[in-house]
Amino acid sequence: MDITDEQWDIIKSKVPPEPRRSNGRGRPWKEARAVLNGILWILRTGAPWHDMPDRYQPYQTCHRRFQKFVKDGTLNNILQALAKDLRDRGGLDLTECFIDGTFVPAKKGVLTSEKLSVARARRSWQLTPLMKDCAIRV
């Protein structure tokens, strides 16, 4: 799903104009709307940049522009303008938010308060052969 004409009308003033060299040399910049569609596709899907579909601008271009937009605050302004429009039209309800736990990193190691079973108890490698010889036989 790409940016609609109505959405573009809201955010086009937030996007800085494409720079041009004074001597007119160099390759002209790709259209901001087309690049922004690619950036938003990545943000929506979470896919790696190189998996961007061919219908968007080259992923290198989108990634460079994404970095520029983040650094200069353009992306934040764009997303805030889109969220404000969505809220004004009644399409954004912050009471229905949730936290997704799939992004919580797993901790390495064990908890110190955790009681280990005898089979999983920590042992020194030197004690392992001795424990076999010292087994109590009934």
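Of note:
- Of the residues making up the range 1-55, those that are assigned to a loop (DSSP other than H, G, I, E, B) and among the β-branched types (Val, Ile, Thr) are Ile3, Thr4, Val15.
- Out of Leu86, Leu82, Leu36, sole residue that is out of contact with any Ser or Thr (no Cβ under 7 Å at 6 or more places or on another chain), at pLDDT 90 or above and among the aliphatic types (A, V, I, L, M): Leu36
- Among (1) within 20 Å of Ile11 (Cβ to Cβ); (2) modelled with pLDDT under 80; (3) among the β-branched types (Val, Ile, Thr), the one test that Val138 misses: (1)
- Contact annotation: residue pairs with Cβ atoms under 6 Å, 6 or more positions apart or on different chains, pairing a residue in the range 15-36 that is closer than 16 Å to Tyr56 by Cβ with a partner that is in a loop (DSSP other than H, G, I, E, B) and β-branched (Val, Ile, Thr), are Ala32/Val15.
- The residue of the range 20-60 that is surrounded by the fewest Cβ atoms within 10 Å (Cβ to Cβ), among those that are among the charged types (D, E, K, R) and over 17 Å from Thr74 (Cα atoms), is Arg27.
The values are calculated or read from the model by the stated rules, or taken from the named source; none is laboratory data. Since the model is a prediction, treat every value here as computed from it, not as a measurement. A quick note on method: Cβ atoms are made from the backbone with ideal geometry, for glycine too, and the neighbour counts reach across all protein chains shown.
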